[in-house]
Amino acid sequence: MYKHFCVIALLLLSICKCGGQHVAFDGDKAYQYLIEQCDIGYRNPGSPGHTAAIGYYHSFLTPLADTLIQQSFDQPIPRDSVTFTLTNIIAGFNPTAGNPLLIGAHWDTRPRAEYDPEPSKRSQPILGANDGASGVAVLMHLAELLAQHAPPRTVYLVLFDGEDYGYPGSLEYYCMGSEYFAKNLPVPKPAEAIILDMIGDKDLNIPIERQSYQSHPELVKKIWAIAQKRNYTEFQNRFGDYIHDDHIMLIQHAGIPSIDIIDFHYPNRYQNYWHTSMDTPDKCSPRSLEVVGRVLQDYIYSVKGVK
């Protein structure tokens, strides 16, 4: 009996290591990582939480990734007479496979809640459960799954800093981490990129961001087809707005075909939690994280490298 048990155990281990059934993306697990990020506190540049978050991400990703790069740089903000040290974190998986895919999300949070209904809160930072933690939570759980089952192509999971510092009415001081990354690529140029932003909303509705379709229509079609096959109606077959997000920096400064998966109307067109103190974990859903995570997981394992 013991001998037979050992043989079966070895066979199961072999299946797991050699391309057997993947462990499905778990929305509850990703949601826990969303909460853990918010438990750190505000993560806007220059804050104690910003420094603590870097350590948190580094400790989490180090045992999982094949390669881990911290890309730090000094970013002056003349308007506020400050200079921040910003840090992008790049976790690489199967780096020799080729045909690299970048999946990114910003991890920083906004330093001011200018759209809060309470004027007294508009100069205070936001917690950024959806706008900051949600995309990164998906990346963190994807990192666990990629560590368990190597992807068939090179995958870079990139946590961008400095996306959400800017002021209304100007594009300056937004997407600073992705701009620096695109101008100073620390890894071989990705073949394509997917950006995640604001994808934790309980009322998740993801239209096709227009610049994404112009940059990489084939990738948009593939991602939305996967969602349709899974009967995920959260991915809507309609065009939304043009969104200035990290994908724009990758397109403009590195020539990387890129798309943005984003639900900009949070929670909907009639209410707003975006850039307010109400962007908290209770407004987010494990189901939403799971929908996005499983679509990405399907796509990652559907495209091979160039070996």
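What follows is calculated from the coordinates using simple rules that are stated; it is not laboratory data. These figures come from a predicted structure and were not determined experimentally. Please note: Cβ atoms are built from the backbone with ideal geometry, for glycine as well, and neighbour counts cover all protein chains shown.
Remarks
- Taking the Cα atoms of the stretch 78-212, the ratio Rg/Rh between the radius of gyration and the Kirkwood radius comes to 1.00.
- Between residue 69 and residue 202, the modelled labels are 4.0 nm apart [label points 7 Å from Cα along Cα→Cβ].
- Summarising the amide proton neighbourhood of residue 200: residues at separation of 5 or more, or on other chains, whose placed amide H is nearer than 5 Å comprise an empty set.
- About its Cα centre, the dipole of the chain is roughly 1120 debye, where the only charges are +1 on Lys and Arg Cβ and -1 on Asp and Glu Cβ.
- Percent of Cα pairs in the chain per distance bin of 20 Å, from zero to the largest separation: 34, 57, 8, 1.
- Simple rule: put +1 on each Lys or Arg Cβ and -1 on each Asp or Glu Cβ in the stretch 178-307, find the dipole, and look at 227, 198, 302; the Cα lying farthest toward the positive end is 302.
- For the stretch 209-259, applying the loop criterion from DSSP together with a ceiling of 16 other beta carbons within 10 Å to the chymotrypsin sites (Phe, Trp or Tyr not before Pro) yields 242.
- Once both labels are positioned 7 Å from their Cα atoms along Cα-to-Cβ, the gap between residue 167 and residue 213 label points is 3.5 nm.
- Coupling constants for the stretch 103-119 follow from the phi torsions by the Karplus curve (6.51 cos²θ - 1.76 cosθ + 1.60, θ = phi - 60°), and in residue order they are 10, x, 7, 8, 9, 6, 10, 6, x, 8, 9, 5, 9, 5, x, 9, x Hz; glycine and proline get x.
- Close amide H pairs (under 5 Å, H built 1.01 Å from N) link residue 164 with 175, residues at least 5 positions away or on another chain.
- With helices as the sole contributors, the chain gives -11000 deg cm²/dmol at 222 nm; each DSSP H run of n ≥ 4 counts as -39500 (n - 2.57), and the sum is divided by every residue.
- Integer Hz, Karplus 6.51/-1.76/1.60 couplings in order for the stretch 191-208, x for Gly and Pro: 6, 6, 9, 10, 9, 10, 7, 6, 10, x, 3, 4, 9, 7, 9, 10, x, 7
- Of all DSSP-defined beta bridges confined to the stretch 27-301, some 50% are antiparallel rather than parallel.
- With the biggest extent put first, the Cα atoms of the stretch 177-300 measure 38, 35, 23 Å across the principal axes.
- Taking θ as phi - 60° and the Karplus parameters 6.51, -1.76 and 1.60, the scalar couplings of the stretch 270-282 work out to 10, 10, 9, 9, 5, 6, 9, 6, 8, 7, 10, x, 5 Hz in sequence order, x denoting glycine and proline.
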